[in-house]
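A short reminder: the numbers here are calculations on the coordinates, not readings from a lab. Just so it is clear, the model here is predicted, and its values are computed rather than measured. Reconstructed Cβ throughout: ideal geometry from the backbone, glycine too, with neighbour counts over all protein chains shown.
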Amino acid sequence: MHILPPYDEYLISYKDRTDVLNKEYQHKAFNSFGIFRPVILYNGQIVGNWNKVIQKQTTHIEMNWFKKNTKIKKELLSLAERKYLTFFSEL
């Protein structure tokens, strides 16, 4: 599992994105004006969006799934968040 930033090449590089993103959820990943949102990649599929939340002295990642019944192991979620925050030295 990976959290990808807005405009990541995994999503932006292709005209036809149906192999990695269900058409039903395309509007949640990007709009017709060329705005790409941060997305969650799991098993080769874009499955949700994420936001960085800063509260007082802590920073964490808030994840929102396209499908309500999405199940991903907590360890994978924590690892993805830790990698992101470590990369930006916010952990």
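Projected label points at Y10 and T86, each 7 Å from Cα along the beta carbon direction, are separated by 1.7 nanometres. When only the Cβ of Lys, Arg, Asp and Glu is charged (+1, +1, -1, -1), the dipole of the range 15-88 relative to its Cα centre reaches about 140 debye. Computed over the chain, the per-residue total of -39500 (n - 2.57) for DSSP H runs of n ≥ 4 gives a 222 nm mean residue ellipticity of -6000 deg cm²/dmol, rounded to 500. Here, P(r) means the percent of Cα pairs in each 10 Å bin from 0 to the largest distance; for the chain it is 16, 49, 29, 6, 0. FRET efficiency for the L77 to Q26 pair, using the beta carbon distance and R₀ = 22 Å, is estimated at 0.40. For the residue pairs K28/K52; K28/K71; K15/K83, alpha carbon separations beyond 24 Å are given by K15/K83. Which part of the range 1-38 falls in the paramagnetic zone of K52, meaning amide N under 13 Å from the point 7 Å along Cα-to-beta-carbon? Label zone hits: 4-6, 38.
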